Amino acid sequence: MKHKLKCAILAISTIVAVGHANAQWTGPKLKPVKQVEVKYGSLTPPNRTDTDMESFRKYGLGQFIHWGIYSIAGNEWNGVSARSGAAASEWIRSWAGPTAPKDWKNTYDNLYKQFNPKDFDAKRWAKQAKNMGAKYVIFTTKHHDGFALWPTKYSEYNISKTPYQKDIVKQIVDAYSAEGIDVYLYFSVLEWNNPNYMGKVPKTEAEKKSFDQFLQYTKNQLLELLDNYPKIKGFWFDGTWDASWKSAYEFTYNLEKELREKHPGLIIGSRFRNDEHGSRHFDSNGNILGDYEQGWERKLPAEFEWVSGNDWDAVMTIPPNGWGYMKDWSGIYTKTTADLLDLLMHAVSMNGNFVLNFGPDGNGNMHPEEDKIAQQIGDWLKVNGEAVYGVRHAAFNPSKLGYFTQKDTNLYLTVFNKPVNGIVRIAVPKTAMEVPGTATLLLNNQQLQLKQSDLGLDLDKNTYYDVILPAKFQPESAFVIKMKLVAPKSKTTKLMDAKM
């Protein structure tokens, strides 16, 4: 089972988002054999222990919201969708080639004149997120198209120039903060329609001057966001893979330093910048660049050891690669609530957070399927959230029945594969200093029979604890068994092995 799971995840992880190839990896990251001098490495110690970072570790579930003027198009234009040649929803401005409409980029760049989300209600979104069980939200302030959802002083291409006019970022920050949900701001460095942006390393004096103006502009906007919205907890950066940004390592190092000085406790992922040798996410000596590992986009580590003790989160879509609004979900596999709960528990069992993406439409409404899934996840977490929030990896053998999590002396097993014989068997090393002592169902707090068994397998290093499920127990979804860990009552008897 473990081998099949690893192969499946490796297969899935080879599918990368357009333009995000540099932000992806598919397996454990090996530490460099040879250490080199790194002057522009990490600015914070690994595994920060301050209050803000401790809160990050306890989130469990987050919400990602991709929203902007691309929501007007909804992943298609004139009947041509991303499945027929258009770029993906939030990337649609980059659409080119024979299927692209005539003068498409100019058409797109003027869509802001139509942006008037009459149904948008940040308080409604925040209440939905709270009901779903999200503890933090990542909201797109500006995507690759460069359109800002706040009234930035440094660009005319912003929300104040639309029919809507009102500051959307402020509404999100205020509404989610009021619901007790921490806010992180997504910010794309890359800007397609900015004349000073370039993907290549600037060479000529004119190019250097132009890109320096872009760097200053980026710095101004980030400092502006911190000034305008001091309640935020961190930044989630995107569009940082081009050679131009990578060449500005001294500038980005100092910019991160300034952001942290301005906002003590600020949390920044590993995607923001690189060292002077071009290494992203991790410096050339294998040390994380930032406060948490940000490369798990639409994928999960197959084994706990892959994360190497780093904090991390996984951002995940419901349609295969649907971040921004998609009008049409037909004909593609969209993840079910059961799928998403499985991915959630996979993440938290490995000390990660799971962040579920929503792509509202141009009027400010979530997709009907997103509304349905949010309600179902929330209903499940109201019963089983104890196994999700504030838990850590449990040092027990992986179970083919589901996922272990642990909080103090409480061990949780979230069961997705109910055994046909009604016996939930847990393998525990014979040398373990803590073993299950009691077992209850979180669903109804029913006490369950627990007994130790010994299969008598030759050279078996484990003993087994069997949790007996009630004969009439027929759950409709995954369920959680809560066990209290205690010292073993006695050592497992050593029997003489047969001579071979």
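The values are calculated or read from the model by the stated rules, or taken from the named source; none is laboratory data. Not measured: the values here are computed from a predicted model. Neighbour counts are summed over all protein chains in view; Cβ atoms, including those assigned to glycine, are modelled from backbone coordinates with ideal geometry.
Here is a yes/no grid of residues against (1) among the hydrophobic types (A, V, I, L, M, F, W, C); (2) not assigned by TED's automatic domain parsing to the domain that holds E303:
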position	(1), (2)
A374	yes, no
V383	yes, no
K407	no, yes
N421	no, yes
I426	yes, yes
A432	yes, yes
V435	yes, yes
L442	yes, yes
N445	no, yes
Checklist (1) touching a helix residue (DSSP H, G or I) at 6+ places or on another chain (Cβ under 9 Å); (2) within 30 Å of V391 (Cα to Cα) applied to K113, failing item: (2)
Could you please find all residues in the stretch 272-325 being of a type in the set (D, E) and over 30 Å from G74 (Cβ atoms)? D275, E276, D283, D291, E293, E303, E305, D311
Output the residues belonging to the stretch 39-63 that are farther than 18 Å from Y389 by Cα and among the hydrophobic types (A, V, I, L, M, F, W, C). L43
Kindly list the number of the only condition in (1) crowded, with 19+ Cβ neighbours inside 10 Å; (2) closer than 23 Å to D371 by Cβ that fails for D174. (1)
Just wondering, is there one or more residues in the stretch 356-373 that are aliphatic (A, V, I, L, M) and in a helix (DSSP H, G or I)? yes
Please list, ordered by residue number, the strands (runs of 3 or more DSSP E) wholly in the stretch 211-322 having 1 or more residues that are at pLDDT 95 or above and surrounded by fewer than 19 Cβ atoms within 10 Å (Cβ to Cβ). none
Scanning the stretch 103-112 for residues that are part of a helix (DSSP H, G or I) and of a type outside the set (A, V, I, L, M), which turns out farthest from D328 (Cα to Cα)? N106
Can you tell me which residues in the stretch 369-408 are at positive phi and of a type in the set (D, E)? D408
Look at G331 and say whether it is touching a Ser or Thr at 6+ places or on another chain (Cβ under 6 Å), over 27 Å from D52 (Cα atoms) and in the same structural domain as S55 (by TED's automatic domain parsing). no
Which residue, of K208, K200, K166, is in the same structural domain as F354 (by TED's automatic domain parsing), without any contact (Cβ under 8 Å) to a residue 60 or more places away in the chain and under 19 Å from W241 (Cβ atoms)? K200
Within the stretch 391-410, of all residues that are of a type in the set (S, T, N, Q) and under 19 Å from K430 (Cα atoms), the one surrounded by the most Cβ atoms within 10 Å (Cβ to Cβ) is S399
For helices (runs of 4 or more DSSP H) lying entirely in the stretch 1-102, having 1 or more residues that are of a type in the set (G, A, S), at pLDDT below 95 and surrounded by fewer than 19 Cβ atoms within 10 Å (Cβ to Cβ) picks out 2-13
Quick count over the stretch 202-231, residues being over 30 Å from the mean Cα position of the chain (by Cα) and of a type in the set (A, V, I, L, M), is 1
Hey, can you tell me all the residues within the stretch 122-163 that are surrounded by 22 or more Cβ atoms within 10 Å (Cβ to Cβ) and of a type in the set (G, A, S)? A126, A129, G133, A134, A148
